[in-house]
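Each value in this text was obtained by applying a stated rule to the coordinates, not by laboratory testing. Here the structure is a predicted model, which is why all the values come from computation and not from measurement. With ideal geometry, Cβ positions are generated from the backbone for all residues, glycine too; neighbour counts draw on all protein chains shown.
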């Protein structure tokens, strides 16, 4: 434990760790020192001068260094001037007065100064009701203004910093929380101050404006209504909102969220989600969210939502009863016997996937996970478990990120790992090209596509990198599918797992393998026993297929062909997709906002989400629909209580053993203290009252013997391009055209056009230039893409983003024509 | 008495390297580098009692001895921002006697073990910077600056850097920020620059005039230096005299010279033979010294004695005010200046200077009331001691002292 310091604040004696800031120390014992610029997650700057307090320090004898005593107590000397609590650290014997007449006078003065240029338009301000300035004015402000109203500055009230964040210049109090967040936390210093004095204003420094995937957080920590999101701006008053705990379903990080809902006329009197807010979980997302998580939720209220069961009659989908639709599906699946295939994605909850897997196991069918990335059977074996926390990693931990562009794939992990590196963790980034994380890496190692296994194996061969890697006490490896398909990622996972096992970095906290999956619950699917099929087209052809939460038709022409030859297709999804269009039976599922369930994050943390809005039409939760089909097939599955499904899951799957809904809902106190009524301190992030989640156990941690498969070199997964061909590899883009992103129109500018990234030399060889539209074709797939140049890519390589219109699922040889 | 700092006034073409060398130039530096230990140089400066000439008057040698020797590299920065209204001495030094300044800078570098020094100048000094760059190039060609000087292992590079025109960049931490390429805004102190300075490294920052004293101290010894000035404030100081005097200009005089001598002997007296009403001894950020009694003019100008008049000597930019100067006009000017120059980082200064300027404008425009004068005084006091750097406090000094000491002047121009 670090050194403790004892001091007195407002007569209350407290003991806190050395190095704690005064404002934070006071907060820990329930004393609120008002702040605007100070934020517990940011470096103190002492700009706003709100936290002025009187500080006295014990006088030391110069010769002995001992406290000088006076009437039996150390003699305290107070500074003549007030000092800022935020920039002063605790000291032994310090005496702090936060509410003395002098301190109160200083604090009052600051509020009065701030209000001289503030428009006081609280009645029409989005922040009104959860505004630090409003609250602190009530607490510390003067009742009447001495500033002449006519002399108020009038400034622009709607300045777009980017298309997602708007600045109201009149309301801004120049505290720089937003600028400092972008600089210190996000690492995207894309906004800054311009001008000076009273003309100081926030401006965007990037093109496109506010070019960061973390921009929404600035609106949470803005202590006034200066920064609002395009999504929520003028959307509702905070006090009208209900709050329900949820978990973000956009990526494997599993950020804890709160859904704010309201019944409103604009939505025909329905209760709708008005905004997604972060919910504190210091071991997952701290108090942050990425913009995808914050803004993409709109798909759940899309006009394309499926609301009633349908069956195909005379080539047309027509409305059917639940019983008729599920019976039809069940009859076909029964008839198919061994040719019954379930294809489900990690968009589903643990309970949904468990019922699907059980159905496959109890009929003669097969269950496949719909994913372009493999290796989950290994993350289930040697993944991370209880006690693992990026927030505590620093010196002594090696973090290896291989074949993953975390900024695009799992932004919050990017943040957390960047900070771990700052605290001294050895960050090793292995990737064929430069990624944003490289700038925080101790070592950024490049390899040729196809050499990823070797790159991982080289970590145990004598080199500077391997020395650093070996020296670390703990090791986390995150592997992804940047440039890889199923085969390549399977090999890579096996190499990573082997390396961890050989070095005994499994089965203990802060050690293990993490998959940077495409979807929120891929890890859950693997834990439950799902697997990916390398040749999916073959596996679907001629079969009776039950597709759940996946849209293969939109993704891959090969799969379209395979499904055209399918015997029967039942599709269960939240919204209409290209796949529902070819279905024989369409089953409407509830969105995550409408139901309860659990998800397993990439870090193997099981977390609960809760219903926030009423159900759309006749939609049912996935596990329940599956149970209904199963019943018609003679298989009895729990279909009513989701927690009961979870109980059965916990009994059946070893890593879930001992877990139940009550455990998942447990919370413990977290630091910094945020999310209560005290929005002034940490912002509008919600307090976590609904569960911090629990890690799954891991085989080695349970004392079981772990045997791993042989490592295959991955070269064979990479085709050799012929003359005039390029090797195109798939990469993941945060904002893509996926089912759960595209309905959020707000993000369309960020999704942008389909691109193909090339080295300038490659472009020159092809006689194409940046910005030019080219035709890309391979194996019967073809599409248009706009050329983007990137000199960190190898010559002869083309990067094609997934889910952006050109169906790339693995490395392929492509022809590129102007 | 011959000049010590403004020696170019007696020696023609002192800004030529050959002339400067012929007059003993660079001997002190060569002697220090080849024959003295760095701390010996600091000790001589410490013994001389030299105090910083930028305004605060902090003992120079003591500052140098504060450099953190556990953290390297070290830097030395010359503050040549000279942005205080009424101050115009550093420019004359750098134009007339540039080598003496550079030699002082070089000596400081040697004393604290710095191998790089920066001369931070206000943007308007671009011509001076160009001249200085030429001098530095000349010195490098001559082997006085550069690698392995005088056959020793000691190397020194000197760079000039132009600011972009902000008063605040004369504040040492804002200057460092600006030098690092960031917005010129002050940092929180502590830590002070000798511990955490330029690029986070230990840094000594002194004013141009301070450095210019150093070669003479090293050449003639600390005891010689102490023969000038007072015990508390030894040495000479350049007084930048302006305002309602007949002969404004720079006057190099021993510290402790009286206001009377400066104004009447050197400055030729007040224009149109008016009487001195008030004195601002430290530029726009001064307190107003009340000259209601003729004896006030006999006060010696040194750091300690000026304080007895409830003012600071500061950078000794002495502005003379006679009874023709309306004080509401005067503070309207200073407040507008500070409003324009407030960096905007901290609330009281950003908002307070703006608010004060609204009120001074009202009062000076003849629309003010007595309540406005009270409000102005109150707002100014509400800022005092609460700002992040000294600029905020500076903006209030003239306001508070003129209202408190000359209230009747304001009552005359406002409505009841």
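Summary table below
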| item | result |
| --- | --- |
| The stretch B:169-217 shape via C-alpha gyration tensor axes, a/c threshold 1.5 | prolate |
| Mean-position separation - Cα centroids, the stretch A:225-275 and the stretch B:224-242, in angstrom | 69 Å |
| Global form of the stretch B:277-416, assessed from the alpha-carbon gyration tensor, a/c cut-off 1.5 | oblate |
| Fraction of antiparallel bridges per DSSP, the stretch A:509-653 only, in percent to nearest 5 | 30 percent |
| Shape of chain B, Cα gyration tensor, a/c cut at 1.5 | prolate |
| Chain A - percent relative contact order, Cα under 8 Å, separation 6 or more | 13 percent |
| Helix A:622-632 axis, angle to chain A major axis (alpha carbon atoms, nearest 10°) | 30 degrees |
| Cα-based helix-to-principal-axis angle, A:350-362 vs chain A, degrees rounded to 10 | 20 degrees |
| Rounded to 5, percent antiparallel among DSSP beta bridges of chain B | 40 percent |
| Volume of the Cα convex hull of the stretch A:50-145, divided per residue and given in Å³ | 128 Å³ |
| Average beta-carbon neighbours from other chains, 10 Å sphere, peptide B:373-386 | 3 |
| Modelled FRET efficiency - R0 56 Å, residue A:651 with residue A:304, Cβ distances, 0.05 increments | 0.90 |
| Cα pair distances of the protein assembly as shown binned at 20 Å [whole percent] | 10, 32, 31, 19, 7, 1 |
| Label-zone membership for the stretch A:222-258, site residue A:667, 7 angstrom Cα→C-beta point, backbone N under 20 Å | A:238-249, A:254-258 |
| Percentage relative contact order, the stretch B:42-85, counting C-alpha pairs under 8 Å, at least six apart | 29 percent |
| Cα centroid of the stretch A:685-755 to Cα centroid of the stretch A:117-164, whole Å | 43 Å |
| Ascending count of other beta-carbon atoms within 10 Å, so fewest first, for A:610, A:735 | A:610, A:735 |
| Sites residue A:737 and residue A:78 - FRET efficiency at Förster radius 56 Å, r taken between beta-carbons, to 0.05 | 0.35 |
| Acute angle (nearest 10 degrees) that the helix A:486-502 long axis makes with the longest principal axis of chain A, alpha-carbon atoms | 60 degrees |
| Cβ-based exposure ranking for A:695, A:39, B:8, in which fewest neighbours within 10 Å come first | B:8, A:695, A:39 |
| Ascending count of other beta-carbon atoms within 10 Å, so fewest first, for A:37, B:349, A:255 | A:37, A:255, B:349 |
| The stretch B:262-368, relative contact order [Cα under 8 Å, separation at least 6], % | 24 percent |
| Antiparallel bridges, percent of DSSP beta bridges restricted to the protein assembly as shown (to nearest 5) | 55 percent |
| Where labels lie 7 Å past Cα in the beta-carbon direction, separation of residue B:21 and residue A:321 in nm | 11.0 nm |
| Added length on full extension, which subtracts the Cα-Cα distance from 0.36 nm per residue, residue A:151 to residue A:636 | 167.1 nm |
| For the stretch A:306-432, diffusion coefficient by Stokes-Einstein and Kirkwood Rh (Cα), 25 °C, 0.890 mPa s, µm²/s | 130 µm²/s |
